[in-house]
Structure formats: structure tokens, C-alpha cells
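Rule-based calculations on the coordinates, nothing more; no lab input. What you are looking at is a predicted structure, and each value in this text was computed from that prediction instead of being measured. Every residue, glycine as well, gets a Cβ built from its backbone with ideal geometry; the counts of neighbours run over all protein chains shown.
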Amino acid sequence: GISGVRGLGLLLGVEFAEPVAAKVQKELLSRRIITGTSSDPRVLRLLPPLCVTLEEAGLFVEALKEASTG
């Protein structure tokens with residue numbers, strides 16, 4: 001599961017308890033959600049555009065929940 005979120009503004013890192021960031025990133029990409037990884041295999045990097053909507057953020061959160069648990 002997710003152990004923390006860190007960052008500033010819209011540049012965020014989602015930290016997982018296990019080194020699963022690459023797996024989650026691939027699953028999100030299959031859902032047409034672009035994220036990145038970092039040098040830490042437990043951190044998923046997020047840098048959404050400034051025009052991201054609340055609806056899009058909600059869709060991302062739901063997809064992240066599904067991708068990180070399955």
C-alpha cells in the first residue's frame with residue numbers, strides 16, 4: 001500500500017511500502033495515465049499539467065487504488 005506522499009505543488013512522489021512503483025506505473029500507463037518512476041523503486045513520480053481538473057484527479061486516485069492493490 002501507499003506509505004506516504006511528498007512533494008511541493010503538483011510535483012509529487014507517492015511512496016509505497018514495497019518496491020512496486022514500476023509495476024504500478026505500467027498498470028497506470030495501460031489505463032492511459034502517464035506517471036514516472038524515480039531512482040527509489042518505492043516512489044511513483046507525478047507531474048500533472050497545471051490545467052488538471054478535479055474530475056481527472058479523481059479518476060487518477062481511483063486508478064491508483066486499483067493499480068496498487070491488484
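Just for strands (runs of 3 or more DSSP E) wholly inside the chain: which have at least 2 residues that are crowded, with 16+ Cβ neighbours inside 10 Å?
Fully inside the chain and qualifying: 11-16, 43-46.
What do you reckon, is ALA63 among the aliphatic types (A, V, I, L, M) and touching a Lys or Arg at 6+ places or on another chain (Cβ under 6 Å)?
Judged against the criteria, ALA63 is a match.
Could you grab me the full set of residues in the stretch 37-70 that are in contact with a Gly (Cβ under 9 Å, 6 or more places away or on another chain) and within 14 Å of VAL5 (Cβ to Cβ)?
Across the stretch 37-70, the qualifying residues are SER38, ASP40, VAL43, LEU44, ARG45, LEU46, LEU47, SER68.
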